[in-house]
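Engineer: Below you'll find the structure I mean.
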Amino acid sequence: MQLSATPYEERLTAPRSWWLISFLVGVALALILLPFGTLPLLGGLVGGTAAAAVAASSYGSLRIRVVGDSLIAGEAKIPLSALGEAEVLDAEEARAWRTHKADVRAFLLLRSYIPTALRIQVTDPDDPTPYLYLSSREPERLAEALKAARAAAA
């Protein structure tokens, strides 16, 4: 497998505010355990913060990559030959495609804290999926990487 001419990899990490929320979950658990003493209070603070941080980290661990002749989005691996045109969506258009324009058959890789996205048509006649919707902080760069990988494969 050849690497694409313009390699692309993006990790959809959770926003920084979620780490503060993780700490506040730990504080809340510590306050719940306060009547039981100091040691349970500290255990609640550490345990609650750690559990919330693990949840935030796992939610923000999805990756979008263009590798060789494939697009890897989360658990999905799609050959570039099955994909059509890519459309960069600004925040307003991305919200429309997440809500009233959305097709239930589409593959959606959504992250609500990322306002922009890329919508890619699926051209494979055997695939019932009409398009891919990928939340991305850099949709223009992803579209360029897809175009360059298609050109390199041809």
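Engineer: Can you go through 77, 101 and tell me which one is open to solvent by 60 Å² or more (accessible area, probe 1.4 Å), among the charged types (D, E, K, R), touching a helix residue (DSSP H, G or I) at 6+ places or on another chain (Cβ under 9 Å) and without any contact (Cβ under 8 Å) to a residue 60 or more places away in the chain?
Structural biologist: When all the criteria are applied, what remains is 101.
Engineer: Can I ask one more? Would the stretch 40-60 turn up any residue that is in contact with a Leu (Cβ under 9 Å, 6 or more places away or on another chain) and under 25 Å from residue 144 (Cα atoms)?
Structural biologist: yes
Engineer: If we scan the stretch 54-64, do we find a residue that is assigned to a loop (DSSP other than H, G, I, E, B) and not hydrophobic (A, V, I, L, M, F, W, C)? Give the steps one after another, and end with the answer.
Structural biologist: We begin by selecting, within the stretch 54-64, every residue assigned to a loop (DSSP other than H, G, I, E, B); these are 60-62.
Now narrow it down to the ones that are not hydrophobic (A, V, I, L, M, F, W, C): 60-61.
Within the stretch 54-64, one or more residues are assigned to a loop (DSSP other than H, G, I, E, B) and not hydrophobic (A, V, I, L, M, F, W, C).
Engineer: Looking at 69, 90 in this structure, which one is of a type in the set (D, E, K, R), open to solvent by 60 Å² or more (accessible area, probe 1.4 Å) and more than 20 Å from the chain's Cα centre (by Cα)?
Structural biologist: Unique residue meeting the criteria: 69.
The rows are residues; the columns are (1) at pLDDT below 95; (2) at positive phi; (3) small (Gly, Ala, Ser).
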{"residue": "112", "(1), (2), (3)": "yes, no, yes"}
{"residue": "117", "(1), (2), (3)": "no, no, yes"}
{"residue": "123", "(1), (2), (3)": "yes, no, no"}
{"residue": "127", "(1), (2), (3)": "yes, no, no"}
{"residue": "131", "(1), (2), (3)": "no, no, no"}
{"residue": "144", "(1), (2), (3)": "yes, no, no"}
{"residue": "151", "(1), (2), (3)": "yes, no, yes"}
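Engineer: Sticking with this structure for a sec: Within the stretch 123-154, which residues are within 15 Å of the chain's Cα centre (by Cα) and among the polar types (S, T, N, Q)?
Structural biologist: Across the stretch 123-154, the qualifying residues are 135, 136.
Engineer: Does any residue of the stretch 131-150 turn out to be over 22 Å from residue 7 (Cα atoms), open to solvent by less than 30 Å² (accessible area, probe 1.4 Å), of a type outside the set (Val, Ile, Thr) and touching a Ser or Thr at 6+ places or on another chain (Cβ under 9 Å)?
Structural biologist: No; the residues of the stretch 131-150 include none that is over 22 Å from residue 7 (Cα atoms), open to solvent by less than 30 Å² (accessible area, probe 1.4 Å), of a type outside the set (Val, Ile, Thr) and touching a Ser or Thr at 6+ places or on another chain (Cβ under 9 Å).
The values are calculated or read from the model by the stated rules, or taken from the named source; none is laboratory data. What you see is a predicted model; the values in this text were computed from it and never measured. Note: ideal-geometry Cβ built from the backbone for every residue, glycine included; neighbour counts use all protein chains shown. When the accessible area is computed, the model is the full protein with side chains, heavy atoms only, and any ligands, DNA or RNA have been set aside. Shrake-Rupley method; radii C 1.70, N 1.55, O 1.52, S 1.80 Å.
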